[in-house]
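See below for the structure under consideration.
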Amino acid sequence: MITNLPFFDIPVYRCTLDEHSKEVENIIENKLDMINPSRSDRDQRRKECELRYNDAQWMCWHYNQTVGWLQLYVSGMDILATEYWVSAKRITSTPRNKTIVWNRYDAISVSVLPYMSDNDIYLEVNKEFLALSKTKKYKKRYIDLTGFHNIGPFIRWWDLVNPKE
């Protein structure tokens, strides 16, 4: 029986990609308002502001806005997710020094029962993630399940918890 076999990481973001894009848009608009270009010149100035912003302080959402990870792993007949989290009292859009800490308590836990199919297991894990996203800690965060949803239905879950030796 395999124990503590990690097999999938799920990022947790400070905000969604749409929210991040709106924040960046607001920053560019504020910079543009400070310049106060004429109407005929506004489109050109906007492009210049975007280029300057992207060169100077562009914040890549996929990596800079990450505030934690959920790592799926197998322990016996259970599928669990442990969490790694930024240790900051206040999480901002431009963190200086990120320190990631491991939370030794499992964020989700799914016991695989003998009658469950691979699809049943996938749906149960997915249900646990959805419930987790509604908890107080994750309510203002975004658990990016895109990769999990893309690959999860094709995982042979039974082979993870009960490998043939």
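The values are calculated or read from the model by the stated rules, or taken from the named source; none is laboratory data. Small disclaimer: the values here were computed from a predicted structure and weren't measured. Cβ placement follows ideal geometry from the backbone for every residue including glycine, while neighbour counts extend to all protein chains displayed.
On the basis of being among the β-branched types (V, I, T), assigned by TED's automatic domain parsing to the domain that holds R156 and at pLDDT 90 or above, does I100 make the cut? Taking the combined requirement at face value, the residue does not satisfy it.
Conditions tested, residue by residue: (1) within 19 Å of N4 (Cα to Cα); (2) touching a strand residue (DSSP E or B) at 6+ places or on another chain (Cβ under 8 Å); (3) in the same structural domain as A81 (by TED's automatic domain parsing).
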| residue | (1), (2), (3) |
| --- | --- |
| S109 | yes, yes, yes |
| S117 | no, no, yes |
| Y122 | yes, no, yes |
| K136 | no, no, yes |
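Of all the criteria given as (1) of a type outside the set (S, T, Y); (2) modelled with pLDDT of 70 or more; (3) not assigned by TED's automatic domain parsing to the domain that holds L130, the one not satisfied by P37 is (2).
Are there helices (runs of 4 or more DSSP H) fully within the stretch 96-165 with at least 2 residues that are surrounded by fewer than 15 Cβ atoms within 10 Å (Cβ to Cβ)? List them.
Numbers: elements: 118-133, 146-151, 157-161.
The helices (runs of 4 or more DSSP H) meeting that bar are 118-133, 146-151.
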